[in-house]
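**Q** The structure that follows is given in the form of structure tokens.
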């Protein structure tokens with residue numbers, strides 16, 4: 001049975017992002033009050049704030065977890081033009097800190113000249129890598145050469161673009177070249193960037209997206225030969241990205257070309273859509289918008305996408321929400337929701353575990 005929990009986050013200003021760790025038992029929130037809070041889930045299902053600290057000198061837009069293989073590591077980004085990497089340390093001395101954890105700043109990335117709008121860790125098989133994008137239209141890719149020393153990060157590459165960037169996401173797939181993409185807030189909004197032997201080159205434009213994009217998310221790839229991409233803009237859109245075969249000749253280089261197909265589009269929110277998120281098996285997509293609702297989408301046995309549930313901000317279902325019209329698609333089937341991000345403008349975090 002689905003149960004929604006509401007917690008008093010006690011942030012002093014708008015909550016901009018909620019991020020769950022790999023196991024879903026820890027959560028981080030960030031806010032315009034310049035702070036980040038870490039929450040741990042107890043055995044009885046309650047969420048308790050175990051750490052809270054001021055991270056930046058401006059609004060904190062995003063917070064994200066590294067894979068636990070690298071320890072308990074967070075990254076945050078802010079309007080103050082910086083991104084920061086934080087690590088949880090358990091006190092081992094004989095003082096009051098023994099057995100108690102605390103978060104320390106390992107590094108501050110100061111390359112951006114404008115607000116850093118998003119930060120994401122790469123999939124763990126690529127090592128400890130971090131990507132940022134900023135309002136100056138530059139995506140920056142960093143790497144920690146020594147995972148035991150998180151104070152040292154090297155800037156691997158800067159990818160300059162002509163438009164302001166709003167969000168980024170890595171493809172989690174290990175099949176074929178992994179991809180990272182960024183989104184712009186102006187006319188040609190979405191550019192896919194493909195990683196090819198650690199070199200970065202633009203692979204494709206999604207020319208059908210012409211409105212500001214607020215969030216993007218690759219679906220986890222469990223063996224497909226193509227990628228599935230969800231976009232939050234004035235509506236919800238799902239794209240299929242099919243790598244095109246090309247002849248390999250001596251001295252040939254360049255990114256793999258992609259065939260782009262739009263497989264579903266929903267305007268059910270009747271408002272701006274701010275977040276999209278897949279479950280771990282890529283069979284269910286959650287979206288949230290200015291209508292104050294979270295909508296869950298999945299494909300049926302005929303490969304037609306439809307809305308299977310609508311949840312209000314307090315977690316209560318909307319009556320008759322399972323009877324939404326189907327939209328043709330070629331991607332995925334049923335099951336669990338992975339995470340629900342809080343909506344900006346609320347001082348309570350709505351937790352909707354799958």
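**Q** Within the range 88-105, take every residue that is surrounded by 13 or more Cβ atoms within 10 Å (Cβ to Cβ) and farther than 12 Å from residue 51 by Cβ and give me the one that is modelled with the highest pLDDT.
**A** Taking the candidates together, the pick is 105.
**Q** With respect to residue 119, is the statement that it is assigned to a strand (DSSP E or B), at pLDDT 90 or above and closer than 30 Å to residue 242 by Cα true?
**A** yes
**Q** Go through the range 21-33 and give me each residue that's within 23 Å of residue 290 (Cβ to Cβ) and either within 14 Å of the chain's Cα centre (by Cα) or surrounded by 21 or more Cβ atoms within 10 Å (Cβ to Cβ) (or both).
**A** The answer is 29, 30, 31.
**Q** Here's a follow-up. Among the numbered conditions (1) at pLDDT below 85; (2) closer than 16 Å to residue 169 by Cβ, tell me where residue 238 comes up short.
**A** Result: residue 238 passes all but (1).
For (1) without any contact (Cβ under 8 Å) to a residue 60 or more places away in the chain; (2) closer than 19 Å to residue 150 by Cβ; (3) in a strand (DSSP E or B); (4) touching a strand residue (DSSP E or B) at 6+ places or on another chain (Cβ under 8 Å), each residue gets a yes or a no:
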{"site": "53", "(1), (2), (3), (4)": "yes, yes, yes, yes"}
{"site": "61", "(1), (2), (3), (4)": "yes, no, yes, yes"}
{"site": "81", "(1), (2), (3), (4)": "yes, no, no, yes"}
{"site": "88", "(1), (2), (3), (4)": "yes, yes, yes, yes"}
{"site": "102", "(1), (2), (3), (4)": "yes, yes, yes, yes"}
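**Q** For the range 297-317, give me each residue that is over 28 Å from residue 7 (Cβ atoms) and either in contact (Cβ under 8 Å) with a residue 24 or more places away in the chain or outside any strand (DSSP E or B) (or both).
**A** Once the filter is applied, which keeps residues that are over 28 Å from residue 7 (Cβ atoms) and either in contact (Cβ under 8 Å) with a residue 24 or more places away in the chain or outside any strand (DSSP E or B) (or both), the range 297-317 yields 299, 300, 301, 302, 303, 304, 305.
**Q** OK, next. Checking residue 112 against (1) free of Cβ contacts under 8 Å to residues at least 40 places away in the same chain; (2) within 14 Å of residue 67 (Cα to Cα); (3) surrounded by 20 or more Cβ atoms within 10 Å (Cβ to Cβ), only one condition comes out false. Which one?
**A** Condition (2) is where residue 112 drops out.
**Q** It is to be established whether one or more residues within the range 243-262 are modelled with pLDDT of 90 or more and either in contact with a helix residue (DSSP H, G or I) (Cβ under 9 Å, 6 or more places away or on another chain) or surrounded by fewer than 20 Cβ atoms within 10 Å (Cβ to Cβ) (or both).
**A** No, that holds for no residue.
**Q** Also, quick follow-up: Take residue 222 and tell me if it is modelled with pLDDT under 80, under 19 Å from the mean Cα position of the chain (by Cα) and within 25 Å of residue 305 (Cα to Cα).
**A** Judged against the criteria, residue 222 is a match.
**Q** Here's another thing I want to ask about it. Which one of these does residue 24 not meet: (1) at pLDDT 95 or above; (2) outside any strand (DSSP E or B)?
**A** It fails just one condition, (1).
**Q** Of everything in the range 284-296, what is touching a strand residue (DSSP E or B) at 6+ places or on another chain (Cβ under 6 Å) and either more than 12 Å from residue 235 (Cβ to Cβ) or not in a strand (DSSP E or B) (or both)? Give them in sequence order.
**A** Scanning the range 284-296 gives 284, 285, 286, 288, 293, 294, 296.
The values are calculated or read from the model by the stated rules, or taken from the named source; none is laboratory data. Please read all numbers here as calculations on a predicted model, not as lab measurements. Cβ atoms come from the backbone with ideal geometry, glycine included; neighbour counts cover every protein chain shown.
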